[in-house]
Amino acid sequence: MYQTIYHLKRSLIKRGNLFLLLIVIMMTISSCKKEKPVYADLIYTKPELVKDPPSTFMSPEESMKNMYLPEGYHMELVASEPMINEPVTIAWGPDGKLYVAEMLTYMQDIDGTDENEPWSRVSVLEDLDGDGKMDKSTVFVDSLILPRILLPLDDRVIIGETYNRSLYTYRDTDGDNVADEKKLILKNDKRDNANLEHQSATMIWGLDNYLYLSNGSLRYRFAKGEMEIDTLMDAPSGQWGMTQDEIGQIYYSSAGGETPALGYQQHPYYGTLEMEGKWEEGFEKVWPIIGTPDVQGGFGRLREDGTLNHFTASCGQSIFLGDKLPMYGDLFIPEPVGRLIRRAKVNIVNGKKVLSNPYGETEFLASTDTNFRPVDTQTGPDGCLYVVDMYRGIIQEGNWVRKGSFLRPVVERKGFDKNIGKGRIYRVVHDQIAPSKQEDLLHKSSDALLDYLHHPNGWYRLTAQKLLVLKQDKAIVSDLKDIITGGDPFIGSMFGNADYALGRLHAIWTLEGLDAIDKVLVLKALQDKDARVRMAALRVGEPLLAAGDPDVLEAVKALKNDNEPQVLQQVVLSLRSAKDKAGKETISEIMAAHPSNEAIAVIGKESLKELPLEIEQIKKQYVLESSNTRNRIVNGYTHFKNLCASCHGKNGEGIEGMAPSLIGSPRVTAKKWDIPVKILLNGLTGPIDGKEYSGVMVGMKQQNDDYIASVLTYIRMHLNDSKGIGAWQVRNVRNSQKNREDYWTIEELEKEK
């Protein structure tokens with residue numbers, strides 16, 4: 001109801017009808033009285049551990065009886081087999097239809113037979129009677145290879161498949177819920193040959209109107225109907241799942257790295273930033289209520305009671321932005337090996353974001369059903385938290401269940417390989433707060449969509465913004481500017497728990513998506529009373545800073561005394577765009593004024609660096625490589641210039657009489673990669689390719705494995721177009737040659753081939 005009242009209010013303000021406006025105010029106050037209070041969480045008593053439960057299938061109703069939540073919450077079934085099978089991720093279209101990616105070929109036996117056949121699909125589900133449970137399922141797109149990217153736009157849906165770097169939009173043009181239009185929007189013929197667990201698996205529409213992938217350093221944007229590509233210099237490397245909070249900060253996770261959350265200290269546009277103490281002590285420990293023998297880490301990842309002791313398969317995370325559960329802004333992280341979902345509070349401590357588990361040695365959601373495999377969570381249009389349960393035996397991909405692995409005998413003993421072909425979607429509901437009925441945004445006018453920019457449920461806010469940007473309706477520009485410059489229409493929260501500042505925030509980013517940001521607007525928004533709006537103004541004002549606008553620079557500098565730490569951090573980040581030396585002076589002043597703010601100290605130090613142009617070029621050149629590889633090349637460049645270049649030349653071309661060229665060297669490019677590692681560790685003496693050089697090449701055994709790996713990766717990849725070297729490879733060679741103290745000779749190395 002509040003959207004209708006707010007829309008009426010805006011119209012009355014424009015017409016100057018104060019009498020009717022007063023009536024609307026009274027209606028609003030009346031509607032506020034009906035709002036339910038926010039309920040405090042009650043920590044539940046951890047249930048008794050089930051050490052070795054049977055692996056037999058349970059019905060959805062039976063499975064829910066084996067799920068444990070804090071008091072005040074319960075699970076409701078939304079969809080299950082045979083309506084859906086092997087679901088891995090979900091996404092709502094703006095018209096209320098629920099799209100489900102189903103990996104029908106994933107690990108259908110212990111060897112993953114036929115896994116890469118084009119037999120998977122995306123289905124669309126409909127709730128026809130509005131009771132929250134899906135009534136109809138239709139195959140939207142068939143014959144896909146393990147679909148992993150699912151992003152509804154307007155009446156189009158972006159779908160990405162495993163191994164395929166190209167992206168397509170699909171559309172149903174005749175209303176039968178079956179896609180009959182397929183259009184290529186991003187062409188990339190280079191096949192992704194990484195293991196399917198390591199490929200990009202999620203795409204989100206960022207608050208800044210860029211489309212972000214969970215892995216890789218590219219981001220995308222619609223411009224005049226076409227997909228444009230932009231590079232991120234040093235983006236975090238995530239895996240399955242990514243999410244963003246209400247101000248657009250992105251959260252990644254890495255199952256392979258056993259890292260439940262990463263990349264959330266600053267926006268990836270500014271590079272990767274990981275900080276010590278980013279979560280409370282013990283946060284990485286998990287607390288299943290079921291014995292978990294099927295962990296690829298083996299006994300080292302199990303407690304004495306047989307339970308998983310650490311995150312090992314974190315995925316499908318989401319910041320909850322709904323309005324029907326009292327946990328707005330919390331991060332939820334599924335752990336399918338542990339059959340649990342972690343709820344994390346996001347706190348600001350000394351300027352940095354710190355994650356904590358509010359339940360201590362207990363989890364928000366845990367199950368004793370061995371087939372419960374939560375792989376995705378989402379905020380629903382009804383204001384609730386949705387959980388995608390792949391519901392199966394084996395959760396690990398075939399490379400980790402090979403003969404000789406720790407997992408294979410476990411799978412065979414428990415019969416997990418037989419448990420396939422099912423799947424469930426649930427929603428978490430509060431006992432005393434009714435879910436909302438979903439509204440259809442797809443068919444609303446641009447003017448009507450404006451009201452949803454301040455909706456208390458973040459799904460509506462971002463969906464309305466996305467639709468307005470895709471429509472490119474410039475007729476609403478003046479209305480958007482009015483939202484930003486008008487402030488809160490009335491004192492207090494006049495429409496339930498709506499947040500007008502968030503409306504201004506989304507209005508700013510909608511204008512950015514319409515290419516309608518101007519200097520006057522930026523200057524006004526920089527003075528907004530809400531910190532979130534000031535931060536958005538800083539970000540959209542960066543092009544003006546880069547252009548040297550003196551008024552914007554002075555307005556940004558004036559925020560150096562802001563009382564919000566997050567604003568100060570954004571000032572430091574945004575001033576990187578300023579070419580004037582006054583920008584760096586302001587950064588130094590902020591750092592000096594806030595010595596206890598750890599984030600400002602780290603961000604400020606990075607902002608004051610004079611980054612060589614060649615490093616920028618290297619980052620762009622290797623943007624498609626993983627962030628780890630790219631970082632090794634960049635670090636190797638720095639190490640090489642500081643030490644190796646004095647003998648081998650600044651570009652590795654060699655210096656006559658001093659050291660040979662590294663370009664094309666058979667030792668450098670050797671397929672037997674331990675040869676260059678041995679040389680760097682112990683050094684080299686004697687003639688090289690028939691030439692004498694002054695002195696010897698001293699070894700670098702005193703340097704750590706990362707240092708050696710970085711230098712060799714730079715030399716091999718950047719100077720020779722060969723393969724890089726990892727720290728683990730250096731470590732292996734170091735251990736195998738730990739008793740050697742002598743220099744190597746070419747003759748010895750030749751024998752090593």
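The values are calculated or read from the model by the stated rules, or taken from the named source; none is laboratory data. The structure displayed is predicted, hence computed values, not measured ones. Cβ: placed from backbone, ideal geometry, glycine included. Neighbour counts: every protein chain shown.
Results, tabulated for the structure shown:
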item: Counted residues, the range 116-130 - those being modelled with pLDDT of 95 or more, out of contact with any Pro (no Cβ under 8 Å at 6 or more places or on another chain) and charged (D, E, K, R); result: 3
item: Residue under evaluation residue 203, criteria (1) in contact with a Leu (Cβ under 7 Å, 6 or more places away or on another chain); (2) surrounded by fewer than 19 Cβ atoms within 10 Å (Cβ to Cβ); (3) under 27 Å from residue 630 (Cα atoms), criterion not met; result: (2)
item: In the range 279-302, the residues that are modelled with pLDDT of 95 or more and of a type in the set (Lys, Arg); result: 285
item: Residue 574 vs. criteria surrounded by 18 or more Cβ atoms within 10 Å (Cβ to Cβ), in the same structural domain as residue 534 (by TED's automatic domain parsing), in a helix (DSSP H, G or I) and in contact with a helix residue (DSSP H, G or I) (Cβ under 8 Å, 6 or more places away or on another chain); result: yes
item: Residues located in the range 305-337, provided they are aromatic (Phe, Trp, Tyr), in a loop (DSSP other than H, G, I, E, B) and within 19 Å of residue 263 (Cα to Cα); result: 311, 320
item: Output for the range 275-306, where each listed residue is within 19 Å of residue 410 (Cβ to Cβ) and out of contact with any Leu (no Cβ under 7 Å at 6 or more places or on another chain); result: 290, 291, 293, 297, 298, 299, 300, 303, 304, 306
item: Among the candidates 204, 229, residue that is closer than 21 Å to residue 468 by Cβ, assigned to a strand (DSSP E or B) and in contact (Cβ under 8 Å) with a residue 40 or more places away in the chain; result: 204
item: Residue among 154, 176, 230, 172 that alone is exposed (fewer than 14 other Cβ atoms within 10 Å of the Cβ) and under 22 Å from residue 443 (Cα atoms); result: 176
item: Answer residue from the range 602-621, given it is touching a residue at least 24 places away in the same chain (Cβ under 8 Å) and touching a helix residue (DSSP H, G or I) at 6+ places or on another chain (Cβ under 7 Å) and is surrounded by the fewest Cβ atoms within 10 Å (Cβ to Cβ) among those; result: 608
item: Residue match in the range 572-580 (condition: among the acidic types (Asp, Glu) and at pLDDT below 95); result: yes
item: Within the range 448-487, considering residues that are small (Gly, Ala, Ser) and over 29 Å from the mean Cα position of the chain (by Cα), the one modelled with the lowest pLDDT; result: 487
item: Verdict on residue 568 being modelled with pLDDT of 90 or more and in contact with a Phe, Trp or Tyr (Cβ under 9 Å, 6 or more places away or on another chain); result: no
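Residue-wise test of (1) modelled with pLDDT of 95 or more; (2) over 26 Å from the mean Cα position of the chain (by Cα).
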residue	(1), (2)
141	yes, no
145	yes, no
148	yes, no
152	yes, no
164	no, no
173	yes, yes
178	yes, yes
182	yes, yes
190	no, no
